[in-house]
Structure formats: structure tokens, C-alpha cells
1. Just to be sure I understand the model, the point goes 7 Å from the Cα along the line to the Cβ. What's the resulting Met60 to Ala78 distance in nm?
2. Run the simple label-point estimate for Asp2 and Ser33 please: 7 Å along Cα→C-beta, distance reported in nm.
3. Of the labelled options (i) 0.94; (ii) 1.12; (iii) 1.01, which one gives Rg/Rh (Cα atoms, Kirkwood Rh) as computed for this structure?
4. What ranking of Cys37, Cys25 emerges when the number of other C-beta atoms within 10 Å of each C-beta is taken as an exposure proxy, fewest first?
Amino acid sequence: MDKRDGNTLSLTHTIHASVKSVWRCWSEPALLSKWFCPAPWHYHAETIELRPGGTFRGSMSGPEGQQVENTGLILDAAPQSRIVFTNMFGPGWIPQNPSFGMVAVISLQANSDTLTTYHAQAHHWSEEHCTTHENMGFFA
């Protein structure tokens, strides 16, 4: 189920993989790079420190040569269960001013040894920021 509610974008998918495997795809930069943004964009994950205060850093490349740096801060992380991060702060809790400000909440729930419910929410500071993120392909 994909939806927009005010300034929040949400999606829920059932993934045919164990929760351990899905967590791995969030915690290893090489794996995150394979799926984090929709085609024709490409994501290059550099650093993922899944602990409160950890760095989340990478960059996106667009089909027309666009480059978007993506640096944020992990606010909360519970192994194989939950990740909360923001792009409003960078490493060392330094405030940032990204093109769209958000807090993302990722929840994982094991349905069986081979099925995981993946729920993602992106809470935005404004309608404009939410629309920018949606137009970048959040639901793609």
C-alpha cells in the first residue's frame, strides 16, 4: 500500500526474504546501492552506521547527469526491526539545509522465515518538500 497523507509519504511491501536478509540490504553499502532509489536514478551508498548518531552518507546520480549528495544522521536503530534517520542533521549533529527535509522511519516485521513486511514513512517539514520527494520517485 502506497499513500500520501499530508506531508507524509508511506509505503508497505511484503518482501520474499527473511528479515535478516532485508536488514543486511540496509546495513551493507554495496547492497543498499543496488535498490535504494528508483531507475533511472542510481544510488551509491558510502557509509551506513546503524546506531543512534551514526552517519548515513551516499549520493544519487540522475539520467541527465544530475548529482545529489545525501548525508544524514541515524536517530534510532533496532537490529532487524527499525531504522529512523533524517537528512536535517549531518555527522556530529551539524544542522543541514537539504532540498527537502525529512525524517524517515523504516520498520521491518518478520512474517515467516522467508517473508518480511517492509514499511517506510518519510515525514516532511512542508508540503513543498513532500511533493519534491514524491516527484523524485518515492513510490516507484
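Bear in mind these aren't lab numbers, they're just calculated from the coordinates by the rules spelled out. Computed from a predicted structure; not experimentally measured. Here Cβ is always computed from backbone atoms with ideal geometry, including for glycine, and neighbour counts include all displayed protein chains.
1. Result: 2.8 nm between the two label points.
2. 2.5
3. Derived directly from the coordinates: (i).
4. Final ranking by Cβ density, sparse to dense: Cys25, Cys37.
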